[in-house]
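For reference, the structure discussed in these notes is given below.
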């Protein structure tokens, strides 16, 4: 993270400590750093523990798990649970594993994320650069919509989808995710564009550039960081959604989480915990990947405006 | 940042169209929100006065659902749990997020790596991390057993089995999931602070602590706002977490309004009572969020 | 808004008729997703495929079917109801009352379901004299599973009365083992309560309290005694019971950490999966004092009506479900027993054979009762309200006297 646009505040705060220490004659910068690293490592432990539980248990035979010792490393390492979760575990009448559901999820997530991000960007643009009477109130109303509990909208949503002829279709599911993703994506872009110099927009206007041209040529090219934030957020939420995915999909479009839930939640069947954990990690891989790959842009994106109000 | 368009002469149709364009662009969103958020809220409000059981029906019963709702013990538990959970969750996430951000902001060697570790829980769904947490917190097989196995026999950590403490285990797991995200927000905020100002303050001889308290933290206000909105929305929607971790138990000790609402609407076929609880929940959210949004958004002008 | 409401009302909450499926396909919503049961269901799929009927699989697991019921409501509301849906007890009756289910009387008459399906079960498969669903199995819920090695070692015979059972528990406790493996989730608490109530008060009491919801019975001393006995059971459960999954409790019995578990017949699958065999490694017997009774829950497939006539593929599915071959093949795997009493028990293991015999006997003597814990005694609202009380009492939130009062209130609110 040495590529922040502003002169590094990091540097300042870190030097602050150094100067302070020499001024007061305190020495011992080293132990302070040691404590710092120790603290950071300790927190790493906290964040990694549940993952550790999942990972080790996905690599042992079931008998080791049920015999106790769920925290221990496997005596007998095996990747069979992974293979099973991927391609042969029973998630319905056919033993397909999670494999076919990946495609279903991707087909649904990609358009939903793209759509809500694009519309969010346009909304943010209008709300900041073309603000009109009542636009702030409108934004407030939009934001309040983020708080609506999804369990509540299930039945009326089903009715509306039926009326729109989208019941049990992928487009219906995309639409639902788009509708409830729009609040947050607008929030992100609005806050980002608020910090964007309005002079540039005005100058372009004087040059005769229209509404879309300004958006396309001036704002969009510099929207990279916030788009990353928005995409990460939407991708995570939509990928991990279960309630809508289960209720509004059809037999051939059930997303990953529904399959995972089927794998994990059987009520009167034998529970293969090792396969469950393998499946869970597998199902999370796309989102994990997004975090790892885009993570470095994530903080940058947040920094570039979304947290500046 | 108000627009300059209003100042333009509004002559031709083209001009007028151009004026209306921003509003036109915004209008689908407005329409969608009007129907799918506020329309549904109105619909739920209406349902809460009906005798709906498995499906919406429209027999008017007045305040009966609300009366029944407040006679149900589990609802009281759910509401007070949300207060405990919501407060602790938001406060701890903010404090921990800020602390981690400040720690990470000290020119740490493997920052990118550590940051990813703090951030990754956000990527996982609770359908299964819930099970991992459940095991980890279970005194028989999890932390307590492990620590006792190391020889610290008197070590006790059985909160998840304890009626009075179980809600705190929900907080622990929830904080685990989102504090990294909050950290990222604060880290971004920290990186955006003007270095010159800090330097000046340092030369004036301010201590590091004072530096943070007086200059750095106040500048993080926008980050606090974003974090608050994200956290509040997650606290209110917490459902998967509770179901996976405790299923609302022991007894009904960890019931939250979201689980209560789902259970009454869907498992118990009492859609009317479920709707009533949703209305109360929304009103509570509104009572907290609206003034907050109001003050934050107004100040901008 | 007004308009939206009218629209929704006008369109009617039930738009079940408009399924967009081709006639030769069934879309089946169910929650059998774990290895054995899903594979067993595949038998049904193949059976139908042989008749040229396609199977569109729509599994939604979770919460013992509640998740699937939520999805069902969304699907029905959106006018996209599945053709066949796995359902339990009162859910079937509720949907039948809405007029959403197809009439299977023609198939029933043709194949004589009336004479082979136990009457207690027919109550949940028929509405208004019409068959509306096809029962797949009968799970009985008043089983006790025991680790034979522990019982042999301590010289415990299979207890047949409550007192003997308590004595056995004491013995196990004295030997330093956990007497009862139990998972503290409301439905599991209620499963135990079910058996205890039956044993304490007998079938008359059970029926009056849980089926007729008679307030006098609910507040009787027998009920208080039932709660007292639950407290005795609680004192023989380890401290970590709360929230534990039932199969981890079963694992305690399998591993020899605990002596007994009270659980439905699906627990057998866990024993078999751990390579244990009935009568040699583990024992199955009815909860002491309920030897003659069977409390059950039954999985059924209800057909959603697609118009005046029942669909050809729906009829084929219903027929296939009730065919003796499928009943046997499926239930051997599932651990339950066939829903018709004329199926050969040849393919079943010792516990399965016992289950079939018990069911036949109980059905003949009027001792077959729908389980309260599993939604076959009273509707979901009351069942869950009872769960609340049972669980709260089991967790020590209040004593037996208060529990009895709470039980009465709970029934009053939700009736």
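The values are calculated or read from the model by the stated rules, or taken from the named source; none is laboratory data. Predicted model, so just to flag it, every value in this text is computed and none were measured. Heads up, the Cβs are rebuilt from the backbone with ideal geometry, glycines too, and the neighbour counts pull from every protein chain shown.
Consider region A:122-141 and keep the residues that are under 17 Å from residue A:234 (Cα atoms) and buried (at least 24 other Cβ atoms within 10 Å of the Cβ). The one that is farthest from the other protein chains (Cβ to nearest Cβ) is A:124.
When each of C:373, C:380 is tested for being buried (at least 23 other Cβ atoms within 10 Å of the Cβ) and at pLDDT below 90, the lone residue that passes is C:380.
Kindly check whether there is at least one residue in region A:63-74 that is closer than 28 Å to residue A:293 by Cβ and either at pLDDT below 75 or not in a loop (DSSP other than H, G, I, E, B) (or both). So far as region A:63-74 goes, no, none of its residues is closer than 28 Å to residue A:293 by Cβ and either at pLDDT below 75 or not in a loop (DSSP other than H, G, I, E, B) (or both).
Taking the numbered list (1) surrounded by 20 or more Cβ atoms within 10 Å (Cβ to Cβ); (2) without any contact (Cβ under 8 Å) to a residue 40 or more places away in the chain in turn, residue B:218 passes all entries but (1).
Hey, could you check region C:169-192 for residues that are away from every other protein chain (no Cβ under 14 Å) and assigned to a helix (DSSP H, G or I) and say which is surrounded by the most Cβ atoms within 10 Å (Cβ to Cβ)? Restricting to residues being away from every other protein chain (no Cβ under 14 Å) and assigned to a helix (DSSP H, G or I), the top hit is C:192.
Selection of helices (runs of 4 or more DSSP H) fully inside region C:213-284 by the criterion of at least 3 residues being in contact (Cβ under 8 Å) with a residue 60 or more places away in the chain returns C:221-234, C:246-254, C:267-273. Among the residues of region A:261-309, those identified as at pLDDT 80 or above, at the interface with chain C (Cβ under 10 Å from one of its Cβ atoms) and either on the phi > 0 side of the Ramachandran plot or touching a helix residue (DSSP H, G or I) at 6+ places or on another chain (Cβ under 8 Å) (or both) are A:261, A:263, A:264, A:272, A:273, A:275. Only residues that are in contact with a strand residue (DSSP E or B) (Cβ under 9 Å, 6 or more places away or on another chain) and part of a helix (DSSP H, G or I) were counted across region C:150-168, and they come to 4.
With respect to residue C:243, determine if the residue is touching a strand residue (DSSP E or B) at 6+ places or on another chain (Cβ under 8 Å), farther than 25 Å from residue B:245 by Cβ and more than 10 Å from chain A (Cβ to nearest Cβ). Considered against the rule, which asks whether it is touching a strand residue (DSSP E or B) at 6+ places or on another chain (Cβ under 8 Å), farther than 25 Å from residue B:245 by Cβ and more than 10 Å from chain A (Cβ to nearest Cβ), residue C:243 comes out as no. Does any residue of region B:178-190 turn out to be farther than 20 Å from residue A:49 by Cβ and in contact with a strand residue (DSSP E or B) (Cβ under 8 Å, 6 or more places away or on another chain)? Scanning region B:178-190 turns up no residue that is farther than 20 Å from residue A:49 by Cβ and in contact with a strand residue (DSSP E or B) (Cβ under 8 Å, 6 or more places away or on another chain). Out of everything in region C:391-415 that is part of a helix (DSSP H, G or I), surrounded by fewer than 19 Cβ atoms within 10 Å (Cβ to Cβ) and within 12 Å of chain B (Cβ to nearest Cβ), what residue ends up being modelled with the highest pLDDT? If we take residues in region C:391-415 being part of a helix (DSSP H, G or I), surrounded by fewer than 19 Cβ atoms within 10 Å (Cβ to Cβ) and within 12 Å of chain B (Cβ to nearest Cβ), then C:402 is modelled with the highest pLDDT.
Rundown of residues vs (1) at the interface with chain A (Cβ under 8 Å from one of its Cβ atoms); (2) touching a helix residue (DSSP H, G or I) at 6+ places or on another chain (Cβ under 6 Å), yes/no style:
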{"residue": "B:96", "(1), (2)": "no, yes"}
{"residue": "B:99", "(1), (2)": "no, no"}
{"residue": "B:121", "(1), (2)": "yes, yes"}
{"residue": "B:155", "(1), (2)": "no, yes"}
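Taken over region B:28-66, the residue count meeting the criterion of being more than 10 Å from every other protein chain (Cβ to nearest Cβ) and out of contact with any strand residue (DSSP E or B) (no Cβ under 7 Å at 6 or more places or on another chain) is 8. The single condition among (1) away from chain C (no Cβ under 14 Å); (2) assigned to a helix (DSSP H, G or I); (3) crowded, with 19+ Cβ neighbours inside 10 Å that residue B:75 does not meet is (1).
Table: residues versus (1) more than 12 Å from chain A (Cβ to nearest Cβ); (2) under 30 Å from residue C:187 (Cα atoms); (3) at pLDDT below 90.
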{"site": "C:66", "(1), (2), (3)": "no, yes, yes"}
{"site": "C:73", "(1), (2), (3)": "no, yes, no"}
{"site": "C:79", "(1), (2), (3)": "no, no, yes"}
{"site": "C:86", "(1), (2), (3)": "no, yes, no"}
{"site": "C:96", "(1), (2), (3)": "yes, yes, no"}
{"site": "C:101", "(1), (2), (3)": "yes, yes, no"}
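Might you let me know whether region B:281-293 holds any residue that is facing chain A (nearest Cβ under 9 Å) and either surrounded by fewer than 18 Cβ atoms within 10 Å (Cβ to Cβ) or in contact with a strand residue (DSSP E or B) (Cβ under 7 Å, 6 or more places away or on another chain) (or both)? The answer is yes, given that some residue of region B:281-293 is facing chain A (nearest Cβ under 9 Å) and either surrounded by fewer than 18 Cβ atoms within 10 Å (Cβ to Cβ) or in contact with a strand residue (DSSP E or B) (Cβ under 7 Å, 6 or more places away or on another chain) (or both). Given the options C:121, C:93, C:151, name the one that is under 18 Å from the mean Cα position of the chain (by Cα) and either on the phi > 0 side of the Ramachandran plot or surrounded by fewer than 22 Cβ atoms within 10 Å (Cβ to Cβ) (or both). From the options C:121, C:93, C:151, the qualifying one is C:93.
Note on region A:230-253: residues that are within 20 Å of the chain's Cα centre (by Cα) and either within 8 Å of chain C (Cβ to nearest Cβ) or part of a helix (DSSP H, G or I) (or both) total 15. The set of residues in region A:68-84 that are within 12 Å of chain C (Cβ to nearest Cβ) and surrounded by 17 or more Cβ atoms within 10 Å (Cβ to Cβ) comprises A:69, A:70, A:84.
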